[in-house]
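**Q** The structure's right below; bear with me while I get my questions together.
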Amino acid sequence: MKGKAVSCDLFLYSIGRPVCSSTQARDPTGRFRVCGPKLYAVRLSYSHEERRVLAIVMLAFIPFALVVATVLQRHTESARAQITADRLAHARAAANLADNYIGGNTTTLTALSQLAAVQSATVATANDILGPVLKNDPNWLALALTGADGLNITSFSAPPRTVSIADRDYFQQALQTGAPAVGSVVIARGTLAQKTVVIAVPIRFSDGTRGVVSGALSLTRAEQLIRGAVPTGLELRIVDRRGQEFIGPKATNDAVPVVADDPDVHLAMTGGSGATVLRRGGTDVLVAYAGAALPGWSILVNEPAAAAFAVPERDTYGAVVLTIAGLAAALAIAWYFGRRLGRTYTALDRARSQAETERGRLREALTNSPARVGLLLGPDLVFAVVSPETLAPLGLRESDVVGKPYHEVDPSPERRAALEQVYRTGEPRRATEAHTVVTLPNGSTQEAYYNTAILPLRDADGRIDGVVYHAVDVTDLVRARHRVEELVDAIGAERDDLQQVINALPEGVVVVRPNGATMRNSAADAILGHSIAAEFRPDRNRTAEPRRLDGTPYRPDETPLIRALQRGELVHGEQLVIKNSSTQTEIPVLVSAAPVRREGEIVAAVSVFQDISSLKAIEAQRTEFFSVASHEIKTPITAIQLQLELAQRLHRDGHHDRVGEMVSRALVRTRDLAELVNDLLAVSRIDAGRFPLESAELDLGELARSVAEDFPTDESHPLNITTPTAPAIVHADRRRVTEMLENLLANAVKYSPDGGAIDVDVRLENGHAALRVRDRGIGVPPEERPYIFQRFFRTSRAKAFGGVGLGLYISREIAERHGGSLQIESTSESGSTFVAELPLVASAAETAS
């Protein structure tokens, strides 16, 4: 053992006493003392400490390895659960998007069904109402208004009452439940050629009958939204309630196959929402599924399990490698520190003394802390230190508490259990805004919220010998935050309600704040032809190009809205002209604007504007009517006056043979004037709701033949009458139906200046008696056909023939008040055909069928 030397200082530190002899020498370097014959004993002591530390490390590593294995297993399971939850969140997000997409468009149809204009819509007006919706929303492929019998009242793809949806499940469901219904996914054929779903909303028409407003909704936008919610690399499958896959690997542009028997699809259609691993095609697949309740769709997000769980598996492998490396490093470090262990004993004594000092300081700090603080020692959790903040609510003093177990001071088993758990496990426990109920000395209770922390206390040997708790009262803060959250929720709800109310208004509404923020409704966007910018600037937002009625443009600061916002001006009913940026048409609008003040300061301005194009058109028609009516009335009166004056002179001069002729001509003019006055009176009675019907059962064919045979005509306008062999029995007012037929015959003769046969044809069709009158006259221009039944309207070709434009209006009112209709069936340069339909009585309808 010659030449081996160690540090005797370290040896003395290690064993606490010297073992060397008095004869000691230093090595040549002067840093060590050589301990002579006792050197071997010293070396053995060092080897013993190294082996002891190594043994301790090895023994400690066994539970550590078990803990690591458990932690790794839990980590892997947690990671797999997190990944599974993430995929399920994607599926639910996609389902929410599907519900929102269908729900938003269902709200559009519901809003339409609640409009009085739609509830009282006719074939002529329904397309005018539904057309802008179809035009402005590309998601709608078609819109239709359908009666209770399932026949379309109007649509954009087929003539009225030619398409029946009575056998469709969504039609039946909407009528039976009175709630919106969504059909299965289909592929629209023809020009549409898209995946669509039909939404039907029940409607009650103004005449009391029921029907539905339905729309074919394109799923292109829905697919874009849903795919945007699912990360790239995940397989997305969407099936409807019938199990048809319209988005996914099996779906094509031409087919939606039924895949209800696929294991993942079957699970999604029967299991609501969830996530699991299934065996599919020899591969484990992570399947997350959720249901979209409103359309009844099932959303599936699939991914191979190997790819989904690759990261946690790789992390587990890396953790095992690191654990082994850590063990090797720990052993090396243990060998090194085993040699230095002796030096630590003195340091531990010094640290123990310092800890006692620090504990005293801690006691002083805890006693004077403004929070609720307590120091509890021993397994019985005896109070050693307690802050005044803890004692004040209980009405106790420090002497009443110190030295007593916790359960004698606070009987709450929950709080005692929490303290004991920290004492047993040594794991700190923290809680934020924990709710607690404190019993006061008078027996009453008080609710409070605390941020709490319970920490273990350890002695010099590292053993737990107590706990310390710290609680800060945050009751006022929590209650204030709850109040703020309630106010925010209430304000948000009120804002949403206000937006819904504004969106339901038929007039355009725009609210602008001084900072440029805007709020508007859909009617404003429709009238302007675009969405107003979220940040409004009067010097930039000039796409509407507002002008006065005389054509002069507004300066940016002259528009009603800016005058109300900047000057506080109140504007009532100002008429101006704007340009619709979508259609590039000029629209007359009636604008009102007012400032919104808060504590005397203008915080916003609101403008309400209404499209008065129809009012302007009616005003123009009324002006033209009065012009034409005055002419039509003045002309026969002047003729009557001249003819009577001439008859008077002839009578005075003795030419009695010609007096009768003049009186006859005046009588004819008088009858024409009486017919015009009767038409005006009929319109007045219609407007006043006093247009009574004296209905009785009559044969429409027989009546048509009688009226046509008695109708005065000439050789250039021969009448051809065709009636059915079976009686066409209808419940109608003979006088009114006769008036309608005579109006149609009079128009046929009047607007056939070159002559031509006039056909009167009565047929039994679909439970109705159809009366057709066809002429060979001037016809109706195609662009004017939608307006010919409006009062005072006269076509450009008919203005040369006189009249005030009331005959067809009155005739249609007569047909509709009998539960029927009057339409122009066809028209061309060589004549027009008008068809009036009246419902057959039940017995006649059964005979006809």
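The values are calculated or read from the model by the stated rules, or taken from the named source; none is laboratory data. Here the structure is a predicted model, which means the values were calculated and not measured. Cβ atoms come from the backbone with ideal geometry, glycine included; neighbour counts cover every protein chain shown. Quick note on the areas: whole protein, heavy atoms, side chains included, nothing else; ligands and nucleic acids left out. Shrake-Rupley method; radii C 1.70, N 1.55, O 1.52, S 1.80 Å.
**Q** Being open to solvent by 30 Å² or more (accessible area, probe 1.4 Å), in contact with a Leu (Cβ under 6 Å, 6 or more places away or on another chain) and within 30 Å of D207 (Cβ to Cβ) narrows it down to one residue among L97, L134, L115, L130; which is it?
**A** Selected residue: L134, the only one of L97, L134, L115, L130 that is open to solvent by 30 Å² or more (accessible area, probe 1.4 Å), in contact with a Leu (Cβ under 6 Å, 6 or more places away or on another chain) and within 30 Å of D207 (Cβ to Cβ).
**Q** Which condition breaks for D264 when tested against (1) assigned to a helix (DSSP H, G or I); (2) open to solvent by 20 Å² or more (accessible area, probe 1.4 Å)?
**A** Unmet condition: (2).
**Q** So which strands (runs of 3 or more DSSP E) are wholly in the range 720-836 and hold at least 1 residues that are farther than 18 Å from V707 by Cα?
**A** Filter on the range 720-836 gives 758-765, 768-774, 821-828.
**Q** Among all residue pairs at least 6 apart or on different chains, which show Cβ distances below 6 Å where the first residue, located in the range 118-137, is over 18 Å from S157 (Cβ atoms) and the second is open to solvent by less than 30 Å² (accessible area, probe 1.4 Å) and at pLDDT 85 or above?
**A** V118/L112; Q119/F205
**Q** Working only within the range 365-395, note down all residues that are open to solvent by 40 Å² or more (accessible area, probe 1.4 Å), in contact with a helix residue (DSSP H, G or I) (Cβ under 9 Å, 6 or more places away or on another chain) and in a loop (DSSP other than H, G, I, E, B).
**A** N368, P370, P379, D380
**Q** Go over the candidates V749, V737 one by one and state the one that is under 54 Å from the mean Cα position of the chain (by Cα) and among the β-branched types (V, I, T).
**A** Testing whether each residue is under 54 Å from the mean Cα position of the chain (by Cα) and among the β-branched types (V, I, T) leaves just V737.
**Q** Yes or no: the range 122-137 includes at least one residue that is farther than 19 Å from V197 by Cβ, at pLDDT below 85 and outside any helix (DSSP H, G or I).
**A** Yes, there is a match, as at least one residue in the range 122-137 is farther than 19 Å from V197 by Cβ, at pLDDT below 85 and outside any helix (DSSP H, G or I).
**Q** For the range 834-843, indicate whether the set of residues that are among the hydroxyl-bearing types (S, T, Y) and either touching a helix residue (DSSP H, G or I) at 6+ places or on another chain (Cβ under 9 Å) or surrounded by 21 or more Cβ atoms within 10 Å (Cβ to Cβ) (or both) is non-empty.
**A** The answer is no; no qualifying residue exists.
**Q** Hey, any hits in the range 211-226 for a residue that's out of contact with any strand residue (DSSP E or B) (no Cβ under 6 Å at 6 or more places or on another chain), under 28 Å from P180 (Cβ atoms), aliphatic (A, V, I, L, M) and surrounded by 20 or more Cβ atoms within 10 Å (Cβ to Cβ)?
**A** Yes, that holds for at least one residue.
**Q** Now a separate question. Of all residues in the range 752-766, count the ones that are open to solvent by less than 50 Å² (accessible area, probe 1.4 Å) and over 52 Å from the mean Cα position of the chain (by Cα).
**A** 8
**Q** From the set of residues in the range 793-833 that are among the aliphatic types (A, V, I, L, M), modelled with pLDDT under 80 and open to solvent by less than 20 Å² (accessible area, probe 1.4 Å), which is nearest to V737 (Cα to Cα)?
**A** Taking the candidates together, the pick is L806.
**Q** Would you mention how many residues in the range 138-172 are open to solvent by 40 Å² or more (accessible area, probe 1.4 Å), in contact with a Lys or Arg (Cβ under 7 Å, 6 or more places away or on another chain) and in a strand (DSSP E or B)?
**A** Within the range 138-172, residues that are open to solvent by 40 Å² or more (accessible area, probe 1.4 Å), in contact with a Lys or Arg (Cβ under 7 Å, 6 or more places away or on another chain) and in a strand (DSSP E or B) number 1.
**Q** Taking the options A89, A93, A81, name whichever one is in contact with a helix residue (DSSP H, G or I) (Cβ under 8 Å, 6 or more places away or on another chain), more than 30 Å from R785 (Cβ to Cβ) and at pLDDT 85 or above.
**A** So the residue among A89, A93, A81 that is in contact with a helix residue (DSSP H, G or I) (Cβ under 8 Å, 6 or more places away or on another chain), more than 30 Å from R785 (Cβ to Cβ) and at pLDDT 85 or above is A93.
**Q** So, one more: Being of a type outside the set (D, E), in a strand (DSSP E or B) and at pLDDT 90 or above is the requirement here; does R279 meet it?
**A** So R279 fails the test.
**Q** Let me ask something additional. Kindly indicate whether any position in the range 185-204 is under 21 Å from the mean Cα position of the chain (by Cα), part of a loop (DSSP other than H, G, I, E, B), among the polar types (S, T, N, Q) and farther than 30 Å from A836 by Cα.
**A** No, the range 185-204 contains no residue that is under 21 Å from the mean Cα position of the chain (by Cα), part of a loop (DSSP other than H, G, I, E, B), among the polar types (S, T, N, Q) and farther than 30 Å from A836 by Cα.
**Q** Mind listing whichever residues of the range 175-184 are in a strand (DSSP E or B) and either of a type outside the set (S, T, Y) or open to solvent by 30 Å² or more (accessible area, probe 1.4 Å) (or both)?
**A** A181, V182, G183, listed by residue number.
**Q** Could you pull out every one of the strands (runs of 3 or more DSSP E) wholly within the range 517-633 that has 1 or more residues that are loosely packed, with under 14 Cβ neighbours inside 10 Å and at pLDDT 80 or above?
**A** 571-580, 585-598, 601-611
**Q** Turning to a different aspect of this structure: Just to be sure, is V34 surrounded by 16 or more Cβ atoms within 10 Å (Cβ to Cβ), of a type in the set (V, I, T), under 60 Å from the mean Cα position of the chain (by Cα) and at pLDDT below 80?
**A** Considered against the rule, which asks whether it is surrounded by 16 or more Cβ atoms within 10 Å (Cβ to Cβ), of a type in the set (V, I, T), under 60 Å from the mean Cα position of the chain (by Cα) and at pLDDT below 80, V34 comes out as no.
**Q** Find the residue count for the range 591-607, including only residues that are without any contact (Cβ under 8 Å) to a residue 60 or more places away in the chain and in contact with a helix residue (DSSP H, G or I) (Cβ under 8 Å, 6 or more places away or on another chain).
**A** Count: 5.
**Q** What's the total number of residues in the range 396-405 that are in contact with a helix residue (DSSP H, G or I) (Cβ under 9 Å, 6 or more places away or on another chain) and free of Cβ contacts under 8 Å to residues at least 12 places away in the same chain?
**A** Result for the range 396-405: 2.
**Q** Tell me which residues, restricted to the range 201-231, are aliphatic (A, V, I, L, M), closer than 17 Å to D137 by Cβ and in contact with a Ser or Thr (Cβ under 7 Å, 6 or more places away or on another chain).
**A** V201, V213, A216, L217, L219
**Q** Determine which single condition E702 fails, assuming it passes every other condition in (1) modelled with pLDDT of 90 or more; (2) within 16 Å of L822 (Cα to Cα); (3) charged (D, E, K, R).
**A** Only one criterion is unmet by E702, namely (2).
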